[in-house]
Amino acid sequence: MFQMPGHTLETKLQIIQAAKTLFKEQNIIGVTMAQIAEVARLGRATIYRYFRSKEEILAEVLQNESENIMLRLIEITKGAKTAAEKLKRYAVARTEAVQEFMEIYRKSLQTRNLFSPRIINVFNNLLSKELELLKSIFEEGIRTGEFGAFDAETAAEGIIAALCGMEAIEFFGKLPKQWPKKTEKFLELIINGMKSLKKGRVENEEANEDAAN
């Protein structure tokens, strides 16, 4: 028995969740609007009032997933006391969070709408928000003296590029089980390098003071 449409946002989220379930279970190209309506327990006419096509729903599912990823990353890094700990938490949480997102995205290749402006915009927005989060963490580490001085924005861009490159493996098969641990190790190398910058700066300052005396 179908439900009568309720609150606009609630109904829209109901459709998105139903589509997400189907996209995970089946090939996206085989999912129909009728199936989405059935799983959402809504009439097809209601589905079409919110979305003109399955591709629009797919873009909305990816948008919803990207927002959830950012909320999770912000929340999990917020509880850390140091910039280094925030980076470690970020690496682990991101690795776990993108798994489901990448699975749906990989299946979206079948729709031939992978490079639609809306889907590209979803990815650009996600990467921009991640960039700002990482940049703020680096700036905090520099400001508190935890890290040495460096260009926070360039460092953030480098981290994002490296992680995206590692995640590209997902397009060719399942990521290895040890991948989250390797991602964490990668961030540890970066953190150690940033701390080395601070150590080198301090040693130079001490050497200059000794020379002056």
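A short reminder: the numbers here are calculations on the coordinates, not readings from a lab. Everything quoted here is computed from the prediction, not taken from an experiment. A quick note on method: Cβ atoms are made from the backbone with ideal geometry, for glycine too, and the neighbour counts reach across all protein chains shown.
Based only on other Cβ atoms within 10 Å, what is the fewest-to-most ordering of Leu9, Leu42?
Taking fewest neighbouring Cβ atoms as first place, the list is Leu9, Leu42.
Take the cross-link list Lys20/Lys81; Lys24/Lys195; Lys24/Lys129 and give me the ones stretching past 31 Å between alpha-carbons.
In this structure, Lys20/Lys81; Lys24/Lys195 lie more than 31 Å apart at Cα.
Calculate, in nm to one decimal, what Asn192 and Glu103 gain on full extension: separation in residues at 0.36 nm each, minus their alpha carbon distance.
28.8 nm
On each of the three principal axes of the Cα atoms of the stretch 1-52, give max minus min coordinate, whole Å, ordered largest first.
30, 22, 16
Work through the residues other than Arg44 whose Cβ is under 13 Å from its Cβ and net out their charges, Lys, Arg +1 and Asp, Glu -1.
Overall, the nearby charge balance is +3.
Once every Cα of the stretch 1-104 carries one equal point scatterer and solvent is ignored, give the base-10 log of I(q)/I(0) from the Debye formula at q = 0.10, 0.22 Å⁻¹, two decimals.
-0.36, -1.05
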